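Written out below as structure tokens is the structure these notes cover.
The values are calculated or read from the model by the stated rules, or taken from the named source; none is laboratory data. Source: prediction; values computed, not measured. Cβ: placed from backbone, ideal geometry, glycine included. Neighbour counts: every protein chain shown.
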Amino acid sequence: MSLEQNCLYSPTPAIIGRGSFGAIYVILGTCIAYKQVLHDGDEHKDDLLKEYLALEYMRLDFNTDSFFAIPRAYAFSDPSSPSNFRPQDVAFSLARRRNKRPLIRPIITPELFAPFPRATFAMDRIQALPSPAADVLRKAFFPPASNSAGPTLCRLYLGKTYPTTPGRFFSSVNFPLDAARYTHLRESVPKIELPELTEVAWGMGESLGRLHFLGGYDARDVEFVLGGDGFSGLSFYLIDFNQMRRWDLTVVSIPTLVQAFFTNDPYYPRPRSQDPLYEQFKSGYMQEFPTDHQHLADAFLEAIETTQAERDSSSSS
């Protein structure tokens, strides 16, 4: 999903992201984002509802101790069927700072969806990169003559290498960070204390393992991104779940996972045993499978390693 930079300071929803399926909007003065389908039709509404339910289902697995967080989904609205308003159970278990102060919990009502004519759900807004980090990337990797602002979010592409010199064609939003670019950012803004690249690779494996085993999803077309935290820091998020499919946790269904792995953008380190980032990814993935299901993790990892070896052999011949 690519971002657009024409956000207006207005109560009117401003579009900040658009893909082939839906668009992301924000409203000034709020801390949530809205994802609305681009086209009418039951198929699109059903797919959006599935994504909302996936976020709801996986929330606790990703927003407690995982390296990558997922946006918290708050409510789903379908204007063509007013009765189809689904708020999530969002009661918080925050400790009160004083006895008479009420617990804070987000309240999402149907009126918040009034600006959106098609099926939409509300979720946490991922903040843009803080300006010190964005400045570093812009100066190092944007063409010298570029007047583009940003970047606002970065895609974490640990499975691809980009030229070290700025190219003529680039995306100023959803900017791709390979290993070298990430390392440059980390070393250039030490006060932000970005984690080592090996930790990021481990976190990707952890996330994929949780989607596969705990969620029962193939993780098709999910995105690993780096954004801001609303202050000076950075945050790691896993987003875009509308293309995920269920799988039945059997060895015969492993090819479905392999196909999803390789058709996705190159977020994951390539499955080569000599790659230290892949070894960290592999470790993070395997830990999400209990002993009685470890054979599934082994089968998946063996399959992607074999497929990668075949691709490498084919490209070198």
Give the range 120-156 a look and list any residue that's aliphatic (A, V, I, L, M) and over 30 Å from R86 (Cα atoms), or say none. L129, A133, A134, V136, L137, A140, A145, A149, L156
Could you say whether any residue in the range 221-229 is charged (D, E, K, R), at pLDDT below 95 and over 18 Å from the mean Cα position of the chain (by Cα)? no
Restricted to the range 74-89, and to residues that are closer than 19 Å to R59 by Cβ and polar (S, T, N, Q), which residue is surrounded by the fewest Cβ atoms within 10 Å (Cβ to Cβ)? Q88
Is there any pair with a first residue in the range 225-241 that is not assigned by TED's automatic domain parsing to the domain that holds R18 and charged (D, E, K, R) and a second that is assigned to a strand (DSSP E or B) and at pLDDT below 95 whose Cβ atoms are under 9 Å apart and which are 6 or more apart or on different chains, and what are they? D229/Q127
Yes or no: E193 touching a Gly at 6+ places or on another chain (Cβ under 9 Å), closer than 21 Å to D298 by Cα and assigned by TED's automatic domain parsing to the domain that holds L296? no
Do we have any residue at all in the range 145-165 that's modelled with pLDDT under 90, surrounded by 15 or more Cβ atoms within 10 Å (Cβ to Cβ) and in the same structural domain as T263 (by TED's automatic domain parsing)? yes
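Return the residues of the range 20-38 that are surrounded by 12 or more Cβ atoms within 10 Å (Cβ to Cβ) and assigned to a loop (DSSP other than H, G, I, E, B); say none if nothing qualifies.
Passing the criteria: F21, I27, L28, T30, L38.
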Within the range 283-317, the residues that are assigned to a loop (DSSP other than H, G, I, E, B) and surrounded by 18 or more Cβ atoms within 10 Å (Cβ to Cβ) are E288, F289
Quick check: anything in the range 264-282 out of contact with any helix residue (DSSP H, G or I) (no Cβ under 6 Å at 6 or more places or on another chain), assigned to a helix (DSSP H, G or I), modelled with pLDDT of 95 or more and among the polar types (S, T, N, Q)? no
If we ask which residues in the range 260-278 are surrounded by fewer than 17 Cβ atoms within 10 Å (Cβ to Cβ) and free of Cβ contacts under 8 Å to residues at least 12 places away in the same chain, their number turns out to be 1
